[in-house]
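In what follows, a single structure is set out as structure tokens and then discussed.
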Amino acid sequence: MFRSTISLTTRRQLAASIARHPTALPSVSLLTRSFSATRAFRDDTDDTVAKTSLHTLTEDEQMMREMVSRFAVDVVQPKVSEMDEAEKMDPAIIKGLFDNGLMGVETPAEFSGAEASFLSAILVIEELARIDPSISVLCDVHNTLVNTVFRHYASDHLKQKYLPLLATEKLGCFCLSEAGSGSDAFALQTRAELKGDHYVINGSKMWITNSGEADIFLVFATVDPSKGYKGITCFVVERDMGVTIAKKEKKLGIRASSTCQLSFDDMRVPVENVVGEVGKGYKIAIEILNEGRIGIAAQMLGLAQGAFDTAMPYMFQRKQFGSFIGDFQAMQHQYAQIAVEIEAARLLTYNAARLKEEGKPFIKEAAMAKLYASQVAERASSKAVEWMGGVGFTRDVPAEKFYRDCKIGAIYEGTSNIQLQTIAKLLAKDYRE
């Protein structure tokens, strides 16, 4: 039915990693929640239709999830507050992500990757976000945007050169946004001019996640402004080719995640570093961002679950008027409602991921998942602060950080208004037909 996709070597690495991080998870139920929704798939062996919960995971996916959960709790969690205060990523954690095979989740084994499913990548992002959304988005952008561009569009030469590096040691980033091109992502001003066997790139980028630590950059620039979006081309650029890391943004949330301005001044890039075809950068960006939205949905889902998991135990430790605050009916209704919304966000996210894996249309579902998960993350983290009262308002517990971190979900990789516009456009198309 579901085919096991992780190589034997990777499976052994996962098992060894779980053994290295034996700390018990906050609750076994977090890994084995039941889901009421079902989806049907065809069993290739007997041509019968079996029904399973949407949350049914392969053995490999479950192993990946458990390993990442333990890594997040044991390795990431002790450093979350320190990184947030310093607004800097701990290099040891980035190395740990590579060492545990989490930076090439879908990358084929021949390129040193885990060769796992897309849902595996989504589970990695979700579990990391339960502990620290900053680490989660670093892993998310690297896997769902950068690695995916290389796998789907790069030449064999570029795949062989860069995919093994991206899976084992070199962080990547996706350089599309500029000062004048946010939601209108294709109003680019960065220019690439062909000169013999290389392009000369001039311009700048803004809001580039991972740029502070990255070594490999996917840079979108136009080779012919007169052609509009049809002149946009994607280039692979290495840091030492002339990438200047300018201002590092001081942000409300996900502060450990580097978000910098970049500048390119007569940067020379070999012709062979064009990804796909000249003028096809717009197509690459559109298709990859649709997929990347499922990753952001997973990040917001994990954030919501993390905030919920932070606040719930407190409500059964703190007493007022002789009763645990979690036993008051008004509180029960609130956390029951949030639990329902987190469950719904998870189902939307997993469904979009499975549709993508199955090669079915998923753009509308990805937009719905990203929109709703970001909304639930805001509500869940806000309520978590309230439920914990004065304690929740301090930096002594993670609730206030989840609250700060959640806001970006409504902004990057397509604002909430852009998601609504996408959903409405596709719905109108269906009903007009």
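Against the chain, whose longest principal axis comes from its Cα atoms, helix 8-20 is set at around 50 degrees. About the centre of its Cα atoms, the chain shows a dipole size close to 720 debye [charges on the beta carbon of Lys, Arg (+1) and Asp, Glu (-1) only; nearest 20 debye].
The convex hull drawn around the Cα atoms of the stretch 132-173, when projected onto a plane and averaged over every direction, covers 2.8 nm².
Excluding same-chain residues fewer than 8 positions from LYS356, which lysines have a Cα within less than 18 Å of its Cα? Within the straight-line limit of under 18 Å, LYS356 reaches these lysines: LYS283, LYS364, LYS370.
Rounded to the nearest 20 debye, the dipole size of the stretch 238-385 about its Cα centre is 500 debye, using +1 on the Cβ of Lys and Arg and -1 on the Cβ of Asp and Glu.
For the stretch 167-211, just say rounded, prolate or oblate: build the C-alpha gyration tensor, square-root its eigenvalues into a ≥ b ≥ c, call rounded for a/c under 1.5, and beyond that prolate if a/b exceeds b/c, oblate if not. Verdict is oblate for the stretch 167-211. For the stretch 295-317 versus the stretch 131-209, the inter-centroid distance based on Cα atoms is 30 Å. Seen against the Cα atoms of the chain and their longest principal axis, helix 281-315 is set at about 20 degrees. Listed by Cβ neighbour count within 10 Å, with the fewest neighbours leading, GLU110, GLU365 appear as GLU110, GLU365.
Residues GLU291, GLU85, GLU378, GLU386, arranged from fewest to most other Cβ atoms within 10 angstrom of their Cβ, appear as GLU85, GLU386, GLU378, GLU291. Would you mind checking the tilt of helix 329-357 against the longest principal axis of the Cα atoms of the chain, expressed as 0 to 90 degrees and rounded to 10? That helix lies at roughly 30 degrees to the long axis.
With neighbour counts taken as other beta-carbon atoms within 10 Å, the residues VAL124, VAL340 rank, fewest first, as VAL340, VAL124.
Only Cα pairs under 8 Å and 6+ residues apart enter the sum, and on that basis the relative contact order of the stretch 282-432 stands at 33 percent. Along the axis of the charge dipole computed for the stretch 135-189 (Cβ charges of +1 for Lys and Arg, -1 for Asp and Glu, origin at the Cα centre), the listed residues ILE135, GLY182, GLN160 are led at the positive end by GLN160.
Readers should treat all values here as calculations from the given coordinates under stated rules, not as data from a laboratory. In this text, all values refer to a predicted model and were calculated from it rather than measured experimentally. Every residue, glycine among them, receives a Cβ derived from its backbone with ideal geometry; neighbour counts consider all protein chains shown.
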